[in-house]
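Report on the structure given below.
Rule-based calculations on the coordinates, nothing more; no lab input. This is a predicted model, so every value here is computed, not measured. Every residue, glycine among them, receives a Cβ derived from its backbone with ideal geometry; neighbour counts consider all protein chains shown.
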Amino acid sequence: MKVLKITKEDLAKGLDTLNKSFRLIGPVKDKDEEFHNFEELGQGELPDFNFRNTRLSPKSIVYPQSEKMFEYTLDSNDPEHDILIEVKKEPSPQVVVGIRPCDAKAFSLVKLNFDTPEYKDPYWLRRFEATTLLGLACHNPCSSCFCASAGSGPFNTESLDMLLVEEQGGYLAQVLTKKGEELAHTAGWTDEAGSDAQKQIDTMKEAAEKRIKSQISTDNLKNKLDMEIYEEPYWEDVSFSCINCGTCTYLCPTCWCFDVQDETCGNCGIRMRNWDSCMYPLFSLHGSGHNPRGEKLHRVRQRFMHKLKYYVDKYDSGIQCVGCGRCVNHCPVNIDIRRVCELMNRSEVCPVTTE
Ligand code: SF4
Ligand code: SF4
């Protein structure tokens, strides 16, 4: 694997060049100066790398919160009335600069669902293919990060095209894919790092992994029966304080649920797809009025069963969580997936504590 050396000045110069031919997206502080989020960068605007993790995950860059799929007319005089016409979309090439390894890995978990032999989601896939991921290794993980035990890690390269590792005065950059090579070429980053660069990266990686104190255990999840976990008494306690606000699912880089809705105005109609959340009662309400997940307990259990059991069984590719810690940090009632995972993974049945 090629490792480049990029000074801070060359990074800025290269990004400026890239901004002429790509939609460039990077972390910037929001207008209240409280959190960082991913935004499109204007010409000459640089990403702000002084962040640990963004409040919102970057999933909307590939999978927008709302998108138009079809248009139609209800005008009965129009020969095409009631015919759904696909809204053509050719996503422009885009580069996400400074994406954390956990958020990049999340795209590969979601891809397992949106790119299957039986079904390919054209909207998600076209945008993902048009996207180049230029990652930023994480030297100082937050106290709520548990990526290293969730199948990812602060220097994980899965889904990334290049990974920037900050060092004195600049970056070492691992070029990981053909897309990454093309990006480096377009940006003018050509200086190869010395022969010990990979060793330097490995040392920094090890140090960063040691800084992650938070972890989960997942070794028993696959062997347990669905019903064994499903019928555990602890769900009452786990779900007790949940207010079904949906924050955990909206912030999560690996949650993909959506709803398809028709909106009409006069004779014009559009069919939209919008993010949805399994934490909302309407999400599973049947047309008959029956709701298989009518109780809060059912919905909270569904979220954790999906991420930590059904996904594990279906794809045999680990849990549907990259350990970014967003749901831990932002749940208004402190429901913590790390604690729930420990409960689900434990091999013996023991009484639940709530502290
Ligand atoms: S963020 Fe917390 S309170 Fe809100 S739906 Fe998720 S678990 Fe429930
Ligand atoms: S479940 Fe929570 S910790 Fe895991 S990826 Fe989603 S937001 Fe991050």
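Considering only L225, C248, C268, the residue lying farthest towards the positive end of the dipole of the stretch 215-272 is C268, judged by Cα position with unit charges set on Cβ.
Charge tally around N140: other residues with Cβ under 10 Å, Lys/Arg +1 each, Asp/Glu -1 each, net +2.
Each label was represented as a point 7 Å from its Cα along the Cα-to-Cβ direction; for T186 and Q215 these points are 4.0 nm apart. Placing unit charges on the Cβ atoms only, positive for Lys and Arg and negative for Asp and Glu, gives the stretch 114-237 a dipole magnitude near 340 debye about its Cα centre.
Any idea what the dipole of the stretch 219-330 comes to, in debye rounded to 20, about its Cα centre with Lys/Arg Cβ at +1 and Asp/Glu Cβ at -1?
Details: 13 positive and 14 negative charges, 54 e Å.
It works out to roughly 260 debye.
Report, in debye and to the nearest 20, how large the dipole of the chain comes out about its Cα centre when Lys and Arg carry +1 and Asp and Glu carry -1 on their Cβ. Roughly 660 debye for the chain.
Sparsely packed loop sites in the stretch 134-234 (the trypsin sites (Lys or Arg not before Pro) outside DSSP H, G, I, E and B with at most 15 other Cβ atoms within 10 Å) comprise K213, K222. Helical content of the chain, expressed as a calculated mean residue ellipticity at 222 nm, amounts to -8500 deg cm²/dmol (DSSP H runs of 4 or more residues, -39,500 (n - 2.57) each, divided by residue number, nearest 500). Here the Gaussian network model covers the chain, with springs between Cα atoms less than 10 Å apart; of T132, T177, T254, T177 fluctuates the most.
In this structure, E236 and C265 have a Cβ-Cβ separation that, at R0 = 41 Å, corresponds to a calculated FRET efficiency of about 0.35. Charged neighbours of A187, selected by a Cβ distance under 10 Å, balance to -2 (K, R count +1; D, E count -1). Share of Cα-Cα pairs in the stretch 311-350 beyond 12 Å, in percent? Everything past 12 Å amounts to 67 percent. Lys/Arg Cβ at +1, Asp/Glu Cβ at -1, dipole of the chain taken about the Cα centre: which of M69, L308, H81 is farthest positive-ward? Going by the charge dipole, the pick is L308. Other residues with beta-carbon under 15 Å from the beta-carbon of T264 carry, at +1 per Lys or Arg and -1 per Asp or Glu, a net charge of -4. Taking a ≥ b ≥ c as the square roots of the eigenvalues of the alpha-carbon gyration tensor, the chain is classed oblate because a/c is 1.5 or more while a/b is no larger than b/c.
Extension gain, K2 to H306: 0.36 nm times the residue separation minus the Cα-Cα distance gives 105.6 nm.
For the stretch 239-259, backbone nitrogen atoms closer than 17 Å to the point 7 Å from N274 Cα along Cα-to-C-beta are found at 245-247, 249-251, 256-259. Label-to-label distance for E9 and E90 is 3.9 nm, based on points extended 7 Å past Cα in the beta-carbon direction. Computed FRET efficiency, Cβ-Cβ of N140 and V333, R0 35 Å: what is it to the nearest 0.05? After rounding, the FRET efficiency stands at 0.80. Pairs exceeding 32 Å between alpha-carbon atoms, taken from K31/K296; K8/K309; K59/K205; K224/K296; K120/K178; K205/K309: K31/K296; K8/K309. Relative to one another, the C-alpha centroids of the stretch 45-124 and the stretch 165-209 are positioned 29 Å apart. In order along the stretch 138-154, the phi-based Karplus estimate (6.51 cos²θ - 1.76 cosθ + 1.60, θ = phi - 60°) of 3J(HN,Hα) comes to 10, 8, 10, x, 6, 5, 8, 6, 9, 4, 5, 9, 10, x, 10, x, x Hz; Gly and Pro are listed as x.
Comparing M344, M279, M227 in a Gaussian network model of the chain, where Cα atoms under 10 Å apart are tied by springs, the biggest mean-square fluctuation is seen for M227. Taking each residue as 0.36 nm, the span from I243 to E45 lengthens on full extension beyond its C-alpha to C-alpha distance by 67.4 nm.
Available extension along the chain between A207 and F35 is 59.3 nm, counting 0.36 nm per residue and deducting the alpha carbon span. Model label sites at T116 and D226, defined 7 Å from Cα along the beta-carbon direction, differ in position by 1.3 nm.
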